[in-house]
1. Among the helices (runs of 4 or more DSSP H) confined wholly to the range B:96-206, which include 3 or more residues that are within 13 Å of the chain's Cα centre (by Cα) and more than 23 Å from A:Leu48 (Cβ to Cβ)?
2. Please enumerate the residues belonging to the range B:186-207 that are more than 9 Å from chain A (Cβ to nearest Cβ) and among the hydrophobic types (A, V, I, L, M, F, W, C).
3. Filter the range A:123-146 for residues that are over 16 Å from A:Met202 (Cβ atoms) and in contact with a Ser or Thr (Cβ under 8 Å, 6 or more places away or on another chain) and give the result.
4. Against the definition (part of a helix (DSSP H, G or I) and farther than 18 Å from A:Leu186 by Cα), how does B:Ala92 come out, yes or no?
5. Only one of A:Ser149, A:Ser174 is in the same structural domain as A:Ala124 (by TED's automatic domain parsing), out of contact with any His (no Cβ under 6 Å at 6 or more places or on another chain) and small (Gly, Ala, Ser). Can you tell me which?
6. Using beta carbons and a limit of 6 Å, which pairs, at least six apart or on different chains, have the first residue in the range A:195-211 and closer than 12 Å to B:Ala179 by Cα and the second one at pLDDT below 95?
7. Can you find a residue that is farther than 21 Å from B:Met191 by Cβ, of a type in the set (Phe, Trp, Tyr) and part of a helix (DSSP H, G or I) anywhere in the range A:47-69?
Protein chains: 2
Amino acid sequence: MADNSAPVPFEAGAGDPKHAARATRSAGRKMRSLLLDAASPLFRERGLSGASITDIAAAANAFPSQITYYFRTKEALFVECACRELLYLARATEQAALTARTPREYTHALAETVTVGDSVAFFAEALTLTRRRQDLAPLVERTIERLHSEGARAYASQVERHGWRSLRAPDESSRRFWAVAIGVILEGYAMGRSPEELCAEMLRVLGEQAKSTGEAARLRLVEEHGTSTTSDGEG
Amino acid sequence: MADNSAPVPFEAGAGDPKHAARATRSAGRKMRSLLLDAASPLFRERGLSGASITDIAAAANAFPSQITYYFRTKEALFVECACRELLYLARATEQAALTARTPREYTHALAETVTVGDSVAFFAEALTLTRRRQDLAPLVERTIERLHSEGARAYASQVERHGWRSLRAPDESSRRFWAVAIGVILEGYAMGRSPEELCAEMLRVLGEQAKSTGEAARLRLVEEHGTSTTSDGEG
């Protein structure tokens, strides 16, 4: 990324085309970001049909034409907002899980973080929209790829750091986590569930992801004695 | 349920109020069913916003006022269509899995059946809608309860019949299956994936549900020798 944080000079570079182009790019990035910031809470609260371009422009202190200039359509803006929020959430889950000392704490921190806000429900609405707007699919695809690759990397590094025994490949763990999050949260929001209920349901549905070294040894012992017949040791 | 299949008499019961009431109920059920049949393919194809009450009435050879009489709003009709289709799909998965001889075949039959059509994506759209229309939540809630209770019952009976060793409680298996189906299918539809790709991703994300007796014995052997360190035997 170029110097994102550089201040935008006023009346920049009348005599310096390169400088002017850079200033324009930087101003453009700022305006895009401003529009995304203004649109996200409106879309989250009211959904796609409940927020108009006029509302969003007013909230951003901008003109409707600026929205269509930067995003072309309200649908494209919606999907870009939702993708951005999901990647913010992914980073937040990673942060929240950093201090976990056991696989159980790790999964709990992830589940708690994704169920506390509505970013996953927002993203699910963007997925439904994209189904009929395949021109928006590339952004969704890049977002999901990044979600899984960063999730798998974060999980693998935690497993390695603590010496846990993962029950499945990191990439599969990450894919399962996000698929379950979408399914459980979409169901739960429709039924008016609280964040605590959503978190409990996520943990129940996810099952165990990994075992600490001690747990792995105990599991082996139970298997040897042949007493574990209906559970995989989660009870 | 009353005698659903009884023919509706013409000019029924001018002198028999009970008979007339029954005939009206039966005709009402038929009209409701007719409207649901006509609306479902239109909603599936075009989504909520793409199909108008006028379109649906025309497809059902009915008046728009009949739709509002039986369902009040287009949104309520949409959610009822989607719930009905999901329960049909649940029955179809159960049927498809009846002939499975191993846990792997069983899961494969389920995954193949849910990914071949768009009923899950249709239902996911209804979930998104219901999030902001909590008056429609009771129907969604009943549908999900029925989905899980019938899923758990079907799975438990298969496990019992074949003497498989289930890796988790039947209710948890069913909840995981449908949450994963919603998550994977919603993601996949947004990215324009084929049914085959969706099915493969579902199997990958779901992981193993149960082991046949032979597999369970082999697993025990592997665990004893301590050679299984990063997978739960799905290799």
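The values are calculated or read from the model by the stated rules, or taken from the named source; none is laboratory data. Keep in mind that this is a model prediction, so the values were computed, not measured. Cβ sites come from the backbone with ideal geometry, for glycine too, and all protein chains shown count toward neighbours. Areas reflect the complete protein model, heavy atoms only, side chains present, ligands, DNA and RNA absent. Shrake-Rupley method; radii C 1.70, N 1.55, O 1.52, S 1.80 Å.
1. Qualifying helices (runs of 4 or more DSSP H): B:103-116, B:137-162, B:170-190.
2. Of everything in the range B:186-207, those that are more than 9 Å from chain A (Cβ to nearest Cβ) and among the hydrophobic types (A, V, I, L, M, F, W, C) turn out to be B:Leu198, B:Cys199, B:Ala200, B:Leu203.
3. Kept after step one, since they are over 16 Å from A:Met202 (Cβ atoms), are these residues of the range A:123-146: A:125-146.
The answer is A:Glu125, A:Thr128, A:Leu136, A:Ala137, A:Val140.
4. Numbers: part of a helix (DSSP H, G or I): yes; farther than 18 Å from A:Leu186 by Cα: yes.
Criteria met by B:Ala92.
5. On the way: A:Ser174 fails: out of contact with any His (no Cβ under 6 Å at 6 or more places or on another chain).
Within the list A:Ser149, A:Ser174, the selection yields A:Ser149.
6. A:Val205/B:Arg175; A:Val205/B:Arg176
7. Here is the first cut: in the range A:47-69, the ones farther than 21 Å from B:Met191 by Cβ are A:47, A:49-69.
Right, trim to of a type in the set (Phe, Trp, Tyr) and you get A:63, A:69.
So of that shortlist, the ones also part of a helix (DSSP H, G or I) come out as A:69.
Yes, the range A:47-69 contains a residue that is farther than 21 Å from B:Met191 by Cβ, of a type in the set (Phe, Trp, Tyr) and part of a helix (DSSP H, G or I).
Per-residue answers, yes or no, for (1) buried (at least 21 other Cβ atoms within 10 Å of the Cβ); (2) more than 9 Å from chain B (Cβ to nearest Cβ):
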residue: A:Glu85; (1), (2): yes, yes
residue: A:Arg91; (1), (2): no, yes
residue: A:Ala96; (1), (2): no, yes
residue: A:Pro103; (1), (2): yes, yes
residue: A:Ala109; (1), (2): no, yes
residue: A:Glu112; (1), (2): no, yes
residue: A:Val116; (1), (2): no, yes
residue: A:Ser119; (1), (2): yes, yes
residue: A:Thr128; (1), (2): yes, no
